[in-house]
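What follows is a short report on a single structure.
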2 protein chains.
Amino acid sequence: MTRVAVVIPAGGSGRRMGGALKPFLVLGGEPVLARCVRPFLDRADVVAVIVALPPLLHAAPPAWLMADHRVAIVVGGAERGDSVRNALAAVPADADVVLVHDAARPLVSPAVIERCVAAAAAGRSVIAAVAVVDTIKVVDGDGVVVNTPDRARLRAAQTPQAFPAAVLRDAYDRAAAAGIAATDDAALVARFGVVVGTVAGAVENLKITTAADLALAEALLARTGEAAPGVQ
Amino acid sequence: MTRVAVVIPAGGSGRRMGGALKPFLVLGGEPVLARCVRPFLDRADVVAVIVALPPLLHAAPPAWLMADHRVAIVVGGAERGDSVRNALAAVPADADVVLVHDAARPLVSPAVIERCVAAAAAGRSVIAAVAVVDTIKVVDGDGVVVNTPDRARLRAAQTPQAFPAAVLRDAYDRAAAAGIAATDDAALVARFGVVVGTVAGAVENLKITTAADLALAEALLARTGEAAPGVQ
């Protein structure tokens, strides 16, 4: 069986939410981060979920996070890439596949996760992505439109991003050696010549960035009629 | 006072909604199209709202649409650009500004409309647009990522799009003379050398393209606590 490790960088400061730590906001009666972790723990092939936490939380991690023995925590860094690097160092050496998932995407579905795992288990590096509904304009610094790229060729990147473990490790090693800051894992491996593909994400798999996003996620949860499981 | 004309192309077939005519779907107890038209009619400077309807509906337009004497209807065309062209021909000759608004964006706010009108009244051609939250990837025909444009330079175009009346008329005249099909009005005027700017849209000003979008719009309406006004 493929051995899957999951990396969740939750070390950010949540500046756009007025300083609140987004992964610890409550959604449907449960922390956003708890919802991000659970669908991975529901898979038998997931051998480790490595969560990068801010230093204060790392010193006193919440009990609900540590309830499953496969969850491990590391200290997050100043930037997302630093958090991923720290988490990657804690991924078990025999993991075949590494998934990186945003700590602010609590509505990721089992089907999206499965597509990511299946692709990476077959040796591909992929990101979950969805079609772009709106017309996208490229603007200059004054907001003047400079061009309109063909929408059929655009995708909105989501997470998980999924990689054969050796591919992601190698990219981070080479980035560290070259002094390159990693911001986007797919862009990083692509920089080193790896072909990155896409698998179908889901519109519901939104990233909670603003208070409006949180309200929207609540509405989506209410729509599915899901009962809030509460925090263990 | 600036004289504002509004063009609403509602002639499409709604193929993505299983053949339903999207502007006639009910949202919060009222047709989507009724919600698209009302915030414009609420403005004293709007002298005409020209709605392009599919032929069957044009022959028997709904009474709620025709209740305001400023509303006029024209027959829609096969493509959006054909509908806008037909509507443009019915815009009063003394209109100073023309706004084009999607018939599937029922949650457009007075503030967004005001920004569009103010810009066009000052001689600018603009589109309402919002920041792009997700990372956008450009893919090839196989879904392989070919590049990642700088997100800070991307905007998601919404409507209204707003133009000095002469600018939009001129662009359509030149397009017709050159045999160019118009799909996006801002792209069309830009093609003829007009600088197109952006004004702030709103995340809530979503386009209803799928059943999930309709559910989301219902949730957004419920959140604002708006009472359904019912259909006159």
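Summary table below
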| quantity | calculated |
| --- | --- |
| The listed residue being surrounded by 24 or more Cβ atoms within 10 Å (Cβ to Cβ), among the charged types (D, E, K, R) and touching a residue at least 12 places away in the same chain (Cβ under 8 Å), out of B:D94, B:D185, B:D82 | B:D185 |
| Sole residue being more than 10 Å from chain A (Cβ to nearest Cβ) and surrounded by fewer than 16 Cβ atoms within 10 Å (Cβ to Cβ), chosen from B:P106, B:P110, B:P164 | B:P110 |
| Failed item in (1) crowded, with 17+ Cβ neighbours inside 10 Å; (2) in contact with a helix residue (DSSP H, G or I) (Cβ under 6 Å, 6 or more places away or on another chain); (3) within 14 Å of another protein chain (Cβ to nearest Cβ); (4) among the hydroxyl-bearing types (S, T, Y), with B:Y172 passing the rest | (3) |
| Residue check, B:D140 in contact with a strand residue (DSSP E or B) (Cβ under 8 Å, 6 or more places away or on another chain) and either surrounded by fewer than 17 Cβ atoms within 10 Å (Cβ to Cβ) or among the acidic types (D, E) (or both) | yes |
| Every pair of residues 6+ apart whose Cβ atoms lie under 6 Å, when the first sits in the range B:1-23 and is within 17 Å of B:A217 (Cβ to Cβ) and acidic (D, E) while the second is modelled with pLDDT of 55 or more and not in a loop (DSSP other than H, G, I, E, B) | none |
| Residue check, A:A60 closer than 23 Å to A:G123 by Cα and of a type in the set (G, A, S) | no |
| 3 or more residues touching an Asp or Glu at 6+ places or on another chain (Cβ under 8 Å): qualifying strands (runs of 3 or more DSSP E) within the range A:1-102 | A:4-9 |
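The values are calculated or read from the model by the stated rules, or taken from the named source; none is laboratory data. Note that this is a predicted model, so its numbers are computed, not measured. Neighbour counts are summed over all protein chains in view; Cβ atoms, including those assigned to glycine, are modelled from backbone coordinates with ideal geometry.
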